[in-house]
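Remarks on the structure that follows.
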Amino acid sequence: MHRVQCGGSLLKLVAFDTTPPTAVGGGIPGALGLRYLTMYVSNLDEMVAACEAADVPVLIPATVIRAGVKIAIVADPDGNSVEFVEAT
């Protein structure tokens with residue numbers, strides 16, 4: 001298990017000894033279950049750069065959506081959306 005601290009939240013990622021079958025893609029309407037995850041970060045541009053360096057698909061680059069709020073969305077290996085939000 002890998003643990004990632006996101007502010008006051010702890011995200012637990014489990015890596016299995018054998019890889020389970022690939023999940024159904026298609027974003028939010030593609031299947032039941034976890035399809036979209038939002039994390040608040042204080043270093044959005046660094047997060048996006050790290051994702052790009054790791055060849056993670058960037059679906060929406062760092063974008064100001066309103067004054068003081070910037071987002072970016074990347075895809076996880078199963079095609080789920082992971083949104084990063086930076087609010088100042």
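The values are calculated or read from the model by the stated rules, or taken from the named source; none is laboratory data. Keep in mind the model is a prediction, meaning the values are calculated, not measured. Positions of Cβ are backbone-derived with ideal geometry, glycine not excepted, and every protein chain shown enters the neighbour counts.
Taken over the stretch 30-88, the criterion of being hydroxyl-bearing (Ser, Thr, Tyr) and over 13 Å from the mean Cα position of the chain (by Cα) is satisfied by Ser42, Thr63, Thr88. Restricting attention to the stretch 60-88 and to residues that are of a type in the set (A, V, I, L, M) and exposed (fewer than 14 other Cβ atoms within 10 Å of the Cβ), the residue that is farthest from Val24 (Cα to Cα) turns out to be Ala67. Within the stretch 33-88, can you find the residues that are touching a Leu at 6+ places or on another chain (Cβ under 7 Å) and of a type in the set (Lys, Arg)? The one that is touching a Leu at 6+ places or on another chain (Cβ under 7 Å) and of a type in the set (Lys, Arg): Lys70.
How many residues are in contact with a Phe, Trp or Tyr (Cβ under 7 Å, 6 or more places away or on another chain) and at pLDDT 70 or above when one looks only at the stretch 7-47? Summing the residues that are in contact with a Phe, Trp or Tyr (Cβ under 7 Å, 6 or more places away or on another chain) and at pLDDT 70 or above in the stretch 7-47 gives 5.
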